[in-house]
Amino acid sequence: MIEFIGMPSGELKKYIINYNKKIGLIGGIPGALIMLAVIIYYALKVHLVVLFGLVGPALWIFLIVSQPFKKDVPKLCSTKLTILLKKGIMITHTNEQAYTRSISAVKRVLDVGNGYVFSFQYKDRNPYFHCQKDLISEGTIEQFEELFKDKIVRLSQVAS
């Protein structure tokens, strides 16, 4: 058994926050573009005063970019990750819920410096599977890296 207990910090926490911002932008920009198109259409067809409606999409994008708020960051992080080697499963705990995934469903383990982020096959995706290296409470980092030796990829390799 390998177990990590504690709240992520440093590079891992920064990665989690930036990942959630990116997902928010991907999900929110299409809605803002649709609102923008409708406002411009009505401004050209009806009256230019309708252009004051551009404040709505601007606020929408501002709120998306400012996400996640500080009070929400702990909700994005798991507090415990347990890898049960004999059963071949991983269990992660958040403040509200626990999730289970098979070790064989891991597609990639991203090394973000002081922690790891797990990527799964499409149907098994879950953003709560991550762990910080210095929060290991049972087992060793060497055991962890041996378990996922073919799947560990450094963040710098992904970016280039």
- Matching residues in the range 38-61 - criterion: being in contact with a Gly (Cβ under 8 Å, 6 or more places away or on another chain), open to solvent by less than 70 Å² (accessible area, probe 1.4 Å) and either of a type outside the set (Val, Ile, Thr) or at pLDDT below 80 (or both): Ala43, Ile61
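Among the residues of the range 103-130, which ones are outside any loop (DSSP other than H, G, I, E, B), open to solvent by 70 Å² or more (accessible area, probe 1.4 Å) and over 18 Å from Lys149 (Cβ atoms)? Can you show your working first?
Keep residues of the range 103-130 that are outside any loop (DSSP other than H, G, I, E, B), which gives 103-111, 115-120, 122-124, 130.
Remaining after also requiring open to solvent by 70 Å² or more (accessible area, probe 1.4 Å): 104, 107-108, 122-123.
Answer for the range 103-130, where residues must be outside any loop (DSSP other than H, G, I, E, B), open to solvent by 70 Å² or more (accessible area, probe 1.4 Å) and over 18 Å from Lys149 (Cβ atoms): Tyr122, Lys123.
Can you tell me which residue is farthest from Pro68 (Cα to Cα) among those in the range 28-37 that are open to solvent by less than 70 Å² (accessible area, probe 1.4 Å) and without any contact (Cβ under 8 Å) to a residue 24 or more places away in the chain? Let's see the steps before the verdict.
Pass one, the range 28-37, residues open to solvent by less than 70 Å² (accessible area, probe 1.4 Å): 28-32, 35-37.
Still in the list and also without any contact (Cβ under 8 Å) to a residue 24 or more places away in the chain: 30, 36-37.
Values: Pro30: 19, Leu36: 24, Ala37: 27 Å.
Only one residue tops the list, namely Ala37.
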- Please specify each residue of the range 62-102 satisfying the condition of being under 18 Å from the mean Cα position of the chain (by Cα), hydroxyl-bearing (Ser, Thr, Tyr) and surrounded by fewer than 15 Cβ atoms within 10 Å (Cβ to Cβ). Ser66, Thr100
- Starting from the range 141-152, keep only residues that are free of Cβ contacts under 8 Å to residues at least 60 places away in the same chain, then list their pairs with residues that are open to solvent by 90 Å² or more (accessible area, probe 1.4 Å) whose Cβ atoms are within a distance under 8 Å, requiring at least 6 positions of separation or different chains. Lys151/Lys107
- Note on the structure: Reported set for the range 140-154 where residues are within 18 Å of Leu84 (Cβ to Cβ) and either in a loop (DSSP other than H, G, I, E, B) or open to solvent by less than 80 Å² (accessible area, probe 1.4 Å) (or both) is Thr140, Ile141, Phe144, Glu145, Leu147, Phe148, Lys151
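Could you check the range 117-136 and list, in sequence order, the residues that are among the aromatic types (Phe, Trp, Tyr) and in contact (Cβ under 8 Å) with a residue 12 or more places away in the chain? Break it down stepwise before answering.
Keep residues of the range 117-136 that are among the aromatic types (Phe, Trp, Tyr), which gives 118, 120, 122, 128-129.
Selection gives Phe118, Phe120, Tyr128, Phe129.
Condition check ((1) under 14 Å from Thr82 (Cβ atoms); (2) in contact (Cβ under 8 Å) with a residue 24 or more places away in the chain; (3) among the aromatic types (Phe, Trp, Tyr)) across all residues:
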residue	(1), (2), (3)
Thr92	yes, yes, no
Gly115	no, yes, no
Glu138	yes, yes, no
Ser156	no, no, no
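The values are calculated or read from the model by the stated rules, or taken from the named source; none is laboratory data. Treat the numbers as computed from the prediction; the structure is a model and nothing was measured. So basically every Cβ, Gly included, is an ideal-geometry build from the backbone, and we count neighbours across all protein chains shown. These area figures cover heavy atoms from the full protein model, side chains too; ligands, DNA and RNA do not enter into them. Shrake-Rupley method; radii C 1.70, N 1.55, O 1.52, S 1.80 Å.
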